[in-house]
1. Which one of I398, I411 is touching a Lys or Arg at 6+ places or on another chain (Cβ under 7 Å), under 23 Å from C106 (Cα atoms), modelled with pLDDT of 95 or more and not in a loop (DSSP other than H, G, I, E, B)?
2. So which residues in the range 393-430 are within 14 Å of R473 (Cα to Cα) and not aliphatic (A, V, I, L, M), if there are any at all?
3. Against the definition (acidic (D, E), in a loop (DSSP other than H, G, I, E, B) and over 27 Å from W36 (Cα atoms)), how does D205 come out, yes or no?
4. Does S173 fit the bill of being more than 16 Å from the ligand (Cβ to nearest atom), surrounded by 15 or more Cβ atoms within 10 Å (Cβ to Cβ) and among the small types (G, A, S)?
5. If you go through the range 26-43 one residue at a time, do you hit one that is modelled with pLDDT of 95 or more, under 10 Å from the mean Cα position of the chain (by Cα), more than 20 Å from K422 (Cβ to Cβ) and within 16 Å of the ligand (Cβ to nearest atom)?
6. Only residues in the range 358-376 that are in contact (Cβ under 8 Å) with a residue 24 or more places away in the chain count as the first member; pair them with residues that are surrounded by fewer than 18 Cβ atoms within 10 Å (Cβ to Cβ) and of a type in the set (S, T, N, Q), Cβ under 9 angstrom, at least 6 apart or cross-chain, and list the lot.
7. Scanning for something in a helix (DSSP H, G or I) and at negative phi, does the range 428-449 turn up at least one residue?
8. For residues in the range 133-152 being among the hydrophobic types (A, V, I, L, M, F, W, C) and in contact with a Leu (Cβ under 9 Å, 6 or more places away or on another chain), which is farthest from the ligand (Cβ to nearest atom)?
Amino acid sequence: MASLLSCGTALAQNASNPNIVFVFPDQFRNCSMEFWNDAAYADKVRWKADPAITPRLREFAGQSVVLSNAVSNCPISSPYRGIFLTGMYPERSGIQSNCMSLRPTCSLAPDAECISDVLHANGYECAYIGKFHAQFPTPNNPQKAGTYVEERWPAWDAYTEPHQRHGFDWWYSYGTFDEHFNPHYWDNDGRRTDPHEFSVKHEVDKAIEFLQGRDDKTRPFFLCLGMNPPHSPYSNEGDCNACDLDLYRNKSLKELYVRENADTTMEKAPSMRYYLANVTAVDREFGRLMDYLREAALDENTIVVFTSDHGETMCSHGVQDPKNSIWTEAFNVPFIIRYPRVLEHRTDDMLLSTIDIMPTLLSLAGLADKVPATAEGRDLAPALRGEKPSGVDCALYIRNLNGEPDPDGMIRKYFPQARGIKTERYTFEVSIKRDGSLAGMKLFDDWSDPYQLHSLKRSSNKALYRSMLAKLRDKLRESNDVWYRESILDKIAASL
Ligand code: CA
């Protein structure tokens, strides 16, 4: 009888736990959403939105809490996924750089307690669809034993075995692969599908298939959808749908680029057209998923997040790397969260970063007491509900590069090239050379200089620099970062 009672209680609790839908297209920058130019939002940011056509995200934003200052602590694919899934910074998540076959130490920590592990243990059905890119590729190809899933070397794509899925019991995913019209996926049982259609559309179809096919509709679900577009390739018509490209085809570079820091003489400049075409495709397919949730009467008791793993510099500052930098185009991400009756629509500039997602979502789901002790971020659910300020005065930025390779060519160590912080007003970065000495510092006043055109001079801003160095040091100590443990920042500060 006791077990029946406890089982009944668990069911009752589960019935009230909200579902969670977490949609994160890859490399989708925050300024590529049209609503930021609307009167209701334009005074919440100091920059202009790209000329993106995103009507479904406008509609969604109008029902959600919209964050203007959400950032990706380590803005590249795999480290983001490590932080999001484990709630730990890269040194503990296991993922310090992008996962590929020359980086054997770079893989989701097998013993990490992921957000999906927690949700699964608390009755959720957990589905992962799309790009996972959190696994060291090994020769575990289910279609051809003893081989990698791709012939290219080094291998980047990967098959994630059932024991590596951290509570995701509905699997339709791949490691990383960049052909938007020729994607592939492995399912629960390792069967491979090559659907030969646009990946974003296919993935939303699969998401709907998952939602329709659930055996126990009283069980809450966690649906994680990692789309690859608007990530590259974005160099020609073959990288996007013609109907989406038609919206941008005839726009001049001057019309496509509204940011004052963009260098439209770069060879990459025409890419904006194809990038925005895929932004629109993501918008449409995201809208289709929202339509399904409404038709299935799932929209009321479901938390929906729309975000991205990092942004895209797209010719800003003349840099080639679309990500892995503190430039706001790469570091700032969309973060829009809808939860009817709990979160009231507003725009907020709280500094939510990747590390806070796990504790915040678990708390919103009624599982605040289940947040693993290993989680390093903060529960910002009360701040999202508007009950109190977030209490976060800065967010940490991390950039790691390859360390020296071993004699066998393998990379097992990472060079922690830069650390920085974003505060409500400033963006600050310190970078080092391989010998640990100072390479440079950048400090931007994002209020007076939102396009980050002029780094503030240290000679005329000594107190501000001191204050930023102190905040960065606090953040590094709090996160037990290698820059703190090895006194990297202290030595630099002492040398100034
Ligand atoms: Ca990425």
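1. Going through I398, I411 in turn, just one is touching a Lys or Arg at 6+ places or on another chain (Cβ under 7 Å), under 23 Å from C106 (Cα atoms), modelled with pLDDT of 95 or more and not in a loop (DSSP other than H, G, I, E, B): I398.
2. D393, C394, Y397, R419, G420, K422, T423, F428, E429 - these are the residues of the range 393-430 that are within 14 Å of R473 (Cα to Cα) and not aliphatic (A, V, I, L, M).
3. no
4. No, not satisfied.
5. Yes, the range 26-43 contains a residue that is modelled with pLDDT of 95 or more, under 10 Å from the mean Cα position of the chain (by Cα), more than 20 Å from K422 (Cβ to Cβ) and within 16 Å of the ligand (Cβ to nearest atom).
6. Close Cβ pairs (under 9 Å, with a partner that is surrounded by fewer than 18 Cβ atoms within 10 Å (Cβ to Cβ) and of a type in the set (S, T, N, Q)) amount to G366/Q13; G366/S16; E376/N480.
7. no
8. F136
The values are calculated or read from the model by the stated rules, or taken from the named source; none is laboratory data. This one's a predicted model, so the numbers in the text were calculated from it and none came from an experiment. Heads up, the Cβs are rebuilt from the backbone with ideal geometry, glycines too, and the neighbour counts pull from every protein chain shown.
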